[in-house]
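The values are calculated or read from the model by the stated rules, or taken from the named source; none is laboratory data. Keep in mind the model is a prediction, meaning the values are calculated, not measured. Cβ: placed from backbone, ideal geometry, glycine included. Neighbour counts: every protein chain shown. Note: areas computed on protein heavy atoms with side chains; ligands, DNA, RNA excluded. Shrake-Rupley method; radii C 1.70, N 1.55, O 1.52, S 1.80 Å.
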Amino acid sequence: MVPRTRNSIWIPCLFLLFPLLIAAPPAGADSAPSFLMTWGTPGSGNGCFNIPRAAEMDGQGNVYVADRYNNRVQKFDGNGNYLAQFDGTLNNPRGVTVDGQGNVYVADTSNNRIVKYTPSGGVLASWGSYGTGQGQFSLPMGLTLDGRGYLYVADSANHRIQKFTTGGSFVSTWGSFGTATGQFYYPRDVAVDSQGNVYVVEVGNHRVQKFNANGGYITWWGGAGQMNQPYGIAIDGNDHVFVANSYYHRVNEYTTNGTQICFWGSKGTGDGQFDTPTGVTVGPNGAVYVVDTNNARIQKFGQATQTGIADELTRPGRQFLPSSPNPFRQSTRIQFDLAEAGPARLQVFDFRGRLVATLVDSPELTAGAHTTVWDGRDDQGNRQVAGVYLTRLELNGSVASGKILYVR
C-alpha cells in the first residue's frame, strides 16, 4: 500500500458508505489546514483498514491506528508507511494512546479491558472486566494520558470517566448517565491539555465537557446543531482542541474555552472530505491526522494557526532559554540568570504541551546564575522517549523558552 499525496494519481476503490443521518451546516473556513496526503484502503492486509476508529501519535511522529474490525492497532510513520502492528487477543479495539516511554495502551473494547504493550509489542499488563465496579468497564473507548502519569478512560456504556495509574491501579471516577453538566450520555473519547484539564466528547449529548484533573466540572460547548455525535478529540501543543464531528463529516478546532477557530470537511470521498470521521490526533510538527472511518483511510492536513505554548518557540521577541548539550543523550544543563530574588518556575513539556517535569518551582529563588540539569525523565522518574521537548522558564513575570532534542 502506497500513501497518496495531493500530487499523486489515485485509482479509487469501492467502500461502504453509511447513510447521512442529519444534514450538516456548510463546511469550510479560511484558517483551516490544507490537505497533504492520505493512506489506506478497505481490507485486512498491512496498511488496510476495516472501520478504523482512533489514532494517536508518539513523540517521534509515528501514528497508531485502532483498526476496529481487524482487531489490531497498526503503527505507521508520519507519512503513512507501515511499520508494525499490535494484535494478539484484541477484540474490537476503539482507543489507543502512547506514553513517554513509548508504551502503547489500547482500549480492548469488547473484552472490556485495557491492554498495555511495550514499544515492540509485548504485553506488559492488562486490567478490567465487564461490570460497573471500580476498574471494571462496559465498552471502554477513548483513552489518554496526562503529564503526571495518569490514564483516563472513557467508560462509555457506564457513562463515566475512570482514572488509573499507568500500571492499572484505580484512582478515581466521575460521571453518571444524564444530560446535566458533569453527566454523560455515551462518552466516546477523552483528551488532556497542558494544564491537566480533561476534555470529554459525548455522542448522546453532542458536546464537549471540560473538567479539572479530579473531575471537577469547568464548562461545556457544542450541543445539537453544532455537533452531531462527535467521536474523537485531541489537543495539540498550543492547547487547541480538535473534535471529530462525526456525523457532520468534519473536524472542528477550538480554543480551550470552546471558541471556534476553524472547521473543515464535508461528506464525500475526495481529498479533505470525510465519511464519518471518528478519530483525530496532532503530530509534533502540528500536522493533523484524521481517521476517515467509513472511507477506510487516514487523512493528513497541514498545520493550523498556533497561539499557545508550542508557539512560544516562534513568537517574535521571545526570550531564548539555552541548554547544553543540545541534542543530548544522558542529560542537559539549562542555564539562566536572576537579577534579583523572586519566584521562578522551570518546566519541561512534550510536543503536545503536556507537562513532563518541573525542574524548579520556588516562591523566592536567590539572585545570580543558576544551572539545572534535566536527565530525560518525568516527575515520576520514567525515562522519556527520544524526541523534541520544550523548556519554559517563568521568572518574575517574564517567560523564556527553548527547544531541546533528546536522542537517547
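From the alpha carbon centroid of region 132-183 to that of region 368-408 is 30 Å. Rounded, prolate or oblate: pick one for region 154-209, where a ≥ b ≥ c are the square roots of the eigenvalues of its C-alpha gyration tensor, a/c under 1.5 means rounded, and failing that, prolate if a/b is larger than b/c, else oblate. It comes out oblate by the Cα gyration axes. Put simply, when 279-291, 128-140 are sorted by average Cβ atoms within 10 angstrom per residue, most first, you get 279-291, 128-140.
How would you classify region 173-255 from its alpha-carbon gyration tensor, with a ≥ b ≥ c the square roots of the eigenvalues: rounded for a/c under 1.5, else prolate if a/b is greater than b/c, otherwise oblate? In terms of gyration-tensor shape, oblate. Accessible surface of region 331-374, 1.4 Å probe: 47 percent of it comes from carbon and sulfur atoms. Rounded, prolate or oblate: which one fits region 124-238, using the alpha carbon gyration tensor with axes a ≥ b ≥ c (rounded when a/c is under 1.5, else prolate when a/b beats b/c, else oblate)? In terms of gyration-tensor shape, oblate. Using the Karplus relation 6.51 cos²θ - 1.76 cosθ + 1.60 with θ = phi - 60°, the per-residue 3J(HN,Hα) values for region 190-198 come to 8, 8, 10, 8, 5, 9, x, 6, 10 Hz, with x marking Gly and Pro.
With both labels modelled 7 Å from their Cα along Cα-to-Cβ, the ARG329 to SER129 distance reads 4.8 nm. Once the chain from ALA224 to ARG345 is taken as fully extended at 0.36 nm per residue, the excess over their C-alpha distance is 39.3 nm.
Each peptide in 155-161, 169-175 was scored by the mean count of other Cβ atoms within 10 Å over its residues; highest first, the order is 155-161, 169-175. Accessible surface ranking for LEU393, LEU83, 1.4 angstrom probe, highest first: LEU83, LEU393. Between (1) 30, 25, 21; (2) 34, 23, 22; (3) 35, 27, 25, which entry matches semi-axes √(5λ) of the Cα gyration tensor in Å as derived from the coordinates of this structure? Among (1) 30, 25, 21; (2) 34, 23, 22; (3) 35, 27, 25, the one calculated here is (2).
Simple spin-label estimate for ASP271 and VAL171 gives 4.2 nm between the two label positions (7 Å along the Cα-to-Cβ direction from each Cα). Close Lys pairs in the chain, defined as Cα atoms under 24 Å apart and 8 or more places apart or on different chains, number 5. Computed from label points 7 Å out along Cα-Cβ, the spacing between SER34 and ASN285 is 1.5 nm. Applying 0.36 nm per residue to the separation of GLN260 and SER110 and subtracting their alpha-carbon distance, the gain on full extension is 50.6 nm. Extension gain for GLN195-GLN60 works out to 46.4 nm (0.36 nm per residue, less the C-alpha to C-alpha distance).
Ordering PRO230, ALA369, GLY182 by the projection of their Cα atoms onto the charge dipole of the chain, which places +1 on the Cβ of Lys and Arg and -1 on the Cβ of Asp and Glu, puts PRO230 at the extreme positive end.
I'd like the distance separating the alpha-carbon centroids of region 80-125 and region 192-254, in whole Å. That distance is 23 Å.
Solvent-accessible area per residue in the chain equals 39 Å², computed with a 1.4 angstrom probe and all protein chains kept. Taking every alpha-carbon pair under 8 Å whose residues sit at least 6 apart, region 49-140 reaches a relative contact order of 19 percent.
Looking at the chain, what % of its DSSP beta bridges pair antiparallel, to the nearest 5? Bridges in the chain are about 95 percent antiparallel. For the residues ASP375, ASP361, ASP275, a 1.4 Å probe over the protein chains yields an accessible-area ranking, largest first, of ASP361, ASP375, ASP275.
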